[in-house]
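Reviewing the structure listed below.
What follows is calculated from the coordinates using simple rules that are stated; it is not laboratory data. If you're wondering where the values come from, they're calculated on a predicted model, not measured in any experiment. With ideal geometry, Cβ positions are generated from the backbone for all residues, glycine too; neighbour counts draw on all protein chains shown.
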Amino acid sequence: MVGTAGRCFRCSPKVGNPTDPAAYSYLLGLYLGDGHLVTTDRVPVLRIYCADAWPDLIDACDAAMKAVLANKVQRIQKQGCAAVQSTGKHWPCLFPQHGPGKKHERPIVLTDWQREIVAAHPGDFLRGLFHSDGCRVSNRVTVRGRNYVYPRYLFANESADIMGLCQWALDLLGIAWRMNRRNSLSVARREAVAALDRHVGPKS
């Protein structure tokens, strides 16, 4: 089995690009939403929390970790969620946004090589963001006494930088969005929702 050093596309001269750039883009979105990287242990641990209500999301996170770098993935059961995690010395190479404190209390800026990957796979990046800090809901409105129900995507994050990355990826795909609150983004136009459905879809 090839170790993580041999699979790290930032360190190994034999690996010029991510093993699976789409999976990396998705995993990056998950990490920016519900993940963190522990570097204080002897071997760094990438950990992403996935709610028990979405078992397919847990499987998708597990698969993305293995596609990108992990030889082994653990699922640690917590109250209401699973911590999907993998140890590896080279996780910090792939997620240089790690650092002390909460993400919204420090700058979150993608490197040039990360932006290139996300620009090539914005839909996968958005899928990771919305699978972590987003949702697809049925919006109910009443107009002139008549009730209407239409689908709507919401993405909420306290980090202005992460919110900006979500906006950037949506713009790359030509998907209309608006800020419905200071820390919340909405995709509600019919054609925009249909476009996002092709990349994200509801959690399951």
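Summary of values
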quantity: Amide hydrogen neighbours beyond the local backbone of C81, cut-off 5 Å, H modeled; calculated: D52
quantity: Span from the segment 143-198 Cα centroid across to the segment 33-89 one, whole angstrom; calculated: 27 Å
quantity: Number of Lys pairs (Cα under 25 Å; 8 or more positions apart or on different chains) in the chain; calculated: 16
quantity: Global form of segment 66-137, assessed from the alpha-carbon gyration tensor, a/c cut-off 1.5; calculated: rounded
quantity: Förster radius 25 Å - calculated FRET efficiency between R181 and C135 (Cβ-Cβ, nearest 0.05); calculated: 0.95
quantity: For segment 42-93: relative contact order, % (alpha-carbon pairs under 8 angstrom, 6 or more apart); calculated: 50 percent
quantity: Amide N of segment 57-99 lying under 13 Å from the label point, which is placed 7 angstrom from the Cα of T40 along Cα→Cβ; calculated: 99
quantity: Highest-first arrangement of 194-200, 80-86, where packing means the average Cβ count within 10 Å; calculated: 80-86, 194-200
quantity: Relative contact order (%) - the chain, alpha-carbon pairs under 8 angstrom, separation at least six; calculated: 21 percent
quantity: Histogram of C-alpha separations across segment 124-204, 5 Å bin width, %; calculated: 3, 15, 28, 26, 15, 7, 4, 2, 0
quantity: Sites D56 and C11 - FRET efficiency at Förster radius 41 Å, r taken between beta-carbons, to 0.05; calculated: 0.80
quantity: Peptides ranked, highest mean first, by Cβ atoms within 10 Å: ranges 128-137, 142-151, 89-98; calculated: 128-137, 89-98, 142-151
quantity: 3J(HN,Hα) from dihedral phi, segment 81-90, Karplus parametrisation 6.51/-1.76/1.60, rounded to Hz, x for glycine, proline; calculated: 7, 10, 8, 8, 9, 8, 8, x, 5, 9
quantity: Stokes-Einstein D in µm²/s, Kirkwood radius over Cα pairs - the chain at 10 °C with 1.306 mPa s viscosity; calculated: 90 µm²/s
